[in-house]
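Written below as structure tokens is the structure these notes are about.
What follows is calculated from the coordinates using simple rules that are stated; it is not laboratory data. Worth saying up front: this structure is predicted, and the values here are computed from it rather than measured. Cβ atoms come from the backbone with ideal geometry, glycine included; neighbour counts cover every protein chain shown.
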């Protein structure tokens, strides 16, 4: 794999820092907690850690409202703590990726405080200010992604400012060259400290329609959907100028081709792939979230993979994501049995996989009582099931009262079966999902065909998806049963084939006259 970059053959592991490991007993995870668990990540077999925001923040949106891009919030530690974490991660061969939040700041960021002070402020144009309509209404009909209007009137100057999320998160004005330069200097600050790349938050929202036109109504909107879906996101997202911004970000990183730029992008495949940029000068990895929303059937997944592979630009490297801090966990979406199939799918498809902390334990639904709710989206639009708290609950490390996460009171409730679904217990169980993840990661590391090899879709047989990975003369076949019944598989030339891994550790069936057990996945090496 010497001819590939680490982010092509490696595996990324997302940590939501509030919930990974608390080191000081305040019930909230921190950087020293992450550092204390690096041995676990090394054992698991991942290659990089992506850490959600740890910058100073009033925490209106739990760190995605940044008040200082060049520091660490005391809740998580200090810059010295970060440097120690970075050094110890690198010593173990682990890369560290930071979340970069460039669409908006906190309303307490010094830039915004100066911007809102007066209409002639030197930083007024660093944010998006507009007069209201003649009747005093907001400048247009845009909706916040977390509910309510996307405009707030500021009494000091009588104008409205744009916030695509909470009113405490005013949007930056990316056409302003001085603001852009300041943000690129932020990237350099962290690169100089040694970080290995950035995941860029809501990268597709950075540029807005210059005329700020109203978004058209969404004809498919129905009661029970979030407010953001009332209108089609035509003028507040995915604007042509965003690709120039991404190319400039990429140029900041390109002094070292081992640094990776990842973009958060919720768009259809045909738009997603444009974020690789002209001549691949965009994001190295425009995040591909298609598996998160796809119907969980062999035929639907086959169609998705085929369409994505066909849409990739020449030289564009694919990537796959099963879950993150904003969407329901995979075991919640497909059930515990299929979570094993999903793990094998994620780690055998062509491209860079990203794992979300806790998914390797198979954490399922977590009920958050109303009085324990923390997520501002849940509070803004209650009753719609939009709250993200259930996917941000603390990691379970052992069977102790607080699951080894904290000596205090966890900031969110633990999952209900944490006494049995925890790292200590599952690590010793050869049949556990955690063991399967570690075996899949080890197999991926041992077999270049699974990381950088070619991909060939063989087809769908009943409920089974079948594809091949090949590299250096080695050909591997992956068979995945998305159904709850036995599935016979017709594959030629299996004589002498070797079973490398099954999601069912008790499999004893021979590979001739192959039949998949319910919810089973196999990796087979052809002779």
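Can you divide the C-alpha Rg of the range 453-525 by 2.2 N^0.38 Å and report the result to two decimal places?
Cα-based Rg divided by the globular estimate yields 1.03.
Using a 7 Å offset from the Cα along the Cα-to-Cβ direction at both residue 398 and residue 4, what is the distance between the two label points in nm, to one decimal?
So the label points at residue 398 and residue 4 sit 3.7 nm apart.
Going by alpha carbons, how many degrees (0 to 90, nearest 10) lie between the helix axis of 242-253 and the longest principal axis of the chain?
Long axis of 242-253 versus the principal axis of the chain: about 70 degrees.
Going by how many other beta carbons lie within 10 Å of each one, how would you line up 15, 143, fewest first?
Ordered by Cβ neighbours within 10 Å, fewest first: 143, 15.
Any chance you could list P(r) for the range 30-181, counting all Cα-Cα pairs in 5 angstrom bins from zero, rounded to whole %?
2, 9, 16, 17, 15, 12, 9, 8, 6, 4, 2, 1, 0
Round to the nearest 10 and give me the degree value, 0 to 90, for the angle of helix 177-193's Cα axis relative to the longest principal axis of the chain.
Its long axis makes an angle of about 40 degrees.
If r is the Cβ-Cβ distance from residue 508 to residue 218 and R0 is 51 Å, what FRET efficiency results, to the nearest 0.05?
FRET efficiency, residue 508 to residue 218: 0.45.
Computed FRET efficiency, Cβ-Cβ of residue 114 and residue 210, R0 30 Å: what is it to the nearest 0.05? Before the final figure, lay out the partial values.
Values: r = 24 Å, r/R0 = 0.80.
Efficiency, rounded to the nearest 0.05: 0.80.
Want the number for residue 431 to residue 485: 0.36 nm per residue separation, take away the alpha-carbon distance, what's left?
Answer, rounded to one decimal: 17.4 nm.
Once the piece of chain linking residue 182 and residue 379 is laid out straight, how much longer is it, given 0.36 nm per residue of separation minus the C-alpha distance between them?
Roughly 67.6 nm would be gained on extension.
Relative to the longest principal axis of the chain, what angle (0 to 90°, nearest 10) does the C-alpha long axis of helix 433-446 take?
That works out to roughly 80 degrees.
Sorted from fewest to most neighbouring beta carbons within 10 Å, what does the list 418, 471 look like?
Fewest-to-most Cβ neighbours within 10 Å comes out as 471, 418.
With each label point set 7 Å from Cα along the Cα-Cβ vector, what nm distance links residue 372 and residue 135?
For the pair residue 372/residue 135, the computed spacing is 4.5 nm.
What translational diffusion coefficient, to the nearest whole µm²/s, does the range 404-507 have by Stokes-Einstein, given a Kirkwood radius computed over alpha-carbon pairs, a temperature of 37 °C and 0.692 mPa s viscosity? Please list the in-between numbers first.
Values: Rh = 16.7 Å.
My calculation gives 196 µm²/s for D.
Label residue 474 and residue 80 with points 7 Å out from Cα along Cα→Cβ: what is the distance between them in nm?
4.6
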